[in-house]
1. Quick check on segment 132-159: of everything there that is assigned to a strand (DSSP E or B) and at pLDDT below 95, which residue is farthest from residue 121 (Cα to Cα)?
2. Residues of segment 119-146 being touching a helix residue (DSSP H, G or I) at 6+ places or on another chain (Cβ under 8 Å) and either without any contact (Cβ under 8 Å) to a residue 40 or more places away in the chain or closer than 21 Å to residue 93 by Cβ (or both), which ones?
3. Scanning segment 85-117 for residues that are over 18 Å from residue 174 (Cα atoms) and under 12 Å from the mean Cα position of the chain (by Cα), which turns out surrounded by the fewest Cβ atoms within 10 Å (Cβ to Cβ)?
4. For the list (1) more than 16 Å from the chain's Cα centre (by Cα); (2) more than 23 Å from residue 111 (Cα to Cα); (3) modelled with pLDDT of 80 or more, I need the number of the one condition that residue 8 fails.
5. Can you name the number of the only condition in (1) assigned to a loop (DSSP other than H, G, I, E, B); (2) in contact with a strand residue (DSSP E or B) (Cβ under 8 Å, 6 or more places away or on another chain); (3) at negative phi that residue 162 fails?
6. Within segment 77-87, can one find any residue that is more than 16 Å from residue 121 (Cα to Cα), in contact (Cβ under 8 Å) with a residue 60 or more places away in the chain and assigned to a loop (DSSP other than H, G, I, E, B)?
7. Restricting the search to segment 99-121, which residues are within 19 Å of residue 182 (Cα to Cα) and in contact with a strand residue (DSSP E or B) (Cβ under 7 Å, 6 or more places away or on another chain)?
8. For segment 33-53, which positions are surrounded by fewer than 17 Cβ atoms within 10 Å (Cβ to Cβ) and over 24 Å from residue 170 (Cβ atoms)?
């Protein structure tokens, strides 16, 4: 099923990284159309076009799926080093800032061939609404701080610190940050998160 990302027609902020041109350049270098990438990622052509033009920003999960469809990795696309180590010091985590809302992602493990999950800490600002998603795999979220309204299928859960949710990601899901404080969320997603075949 094809899923829409959130629509935002404002211009991107000057100090927000815009990876759209890098994604477009890679796609064209591979001779791929937006339709090809949409089929591989299960994102809409309209959303991908907005991403390439810097109007919308994908979540980390969708960014990884886009990178996978383009036969590369997120790190290679945005040109950051990809050192591999089983141990990752808290001072050496790879971090990414995505979107106008400046969502901060802390990558807790680099992953390796055959890895079964990818852990990440996400910091989201008040009022942020995630993409509406539906794809193969499973996900676990443990809320460290803040408050979330989590939509899963036709159910809605209000999450407070210490609450967790674990589900099959083929169910439609999205979440919204409640209150005036940012959330800090520990996410563990199954592979293949960036596999174009998923």
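The values are calculated or read from the model by the stated rules, or taken from the named source; none is laboratory data. Everything quoted here is computed from the prediction, not taken from an experiment. With ideal geometry, Cβ positions are generated from the backbone for all residues, glycine too; neighbour counts draw on all protein chains shown.
1. It comes out as 133.
2. Once the filter is applied, which keeps residues that are touching a helix residue (DSSP H, G or I) at 6+ places or on another chain (Cβ under 8 Å) and either without any contact (Cβ under 8 Å) to a residue 40 or more places away in the chain or closer than 21 Å to residue 93 by Cβ (or both), segment 119-146 yields 120, 122.
3. Filtering segment 85-117 for residues that are over 18 Å from residue 174 (Cα atoms) and under 12 Å from the mean Cα position of the chain (by Cα), the one surrounded by the fewest Cβ atoms within 10 Å (Cβ to Cβ) comes out as 97.
4. Only one criterion is unmet by residue 8, namely (3).
5. (3)
6. Within segment 77-87, one or more residues are more than 16 Å from residue 121 (Cα to Cα), in contact (Cβ under 8 Å) with a residue 60 or more places away in the chain and assigned to a loop (DSSP other than H, G, I, E, B).
7. 103, 104, 105, 106, 107, 120, 121
8. Of everything in segment 33-53, those that are surrounded by fewer than 17 Cβ atoms within 10 Å (Cβ to Cβ) and over 24 Å from residue 170 (Cβ atoms) turn out to be 33, 49, 53.
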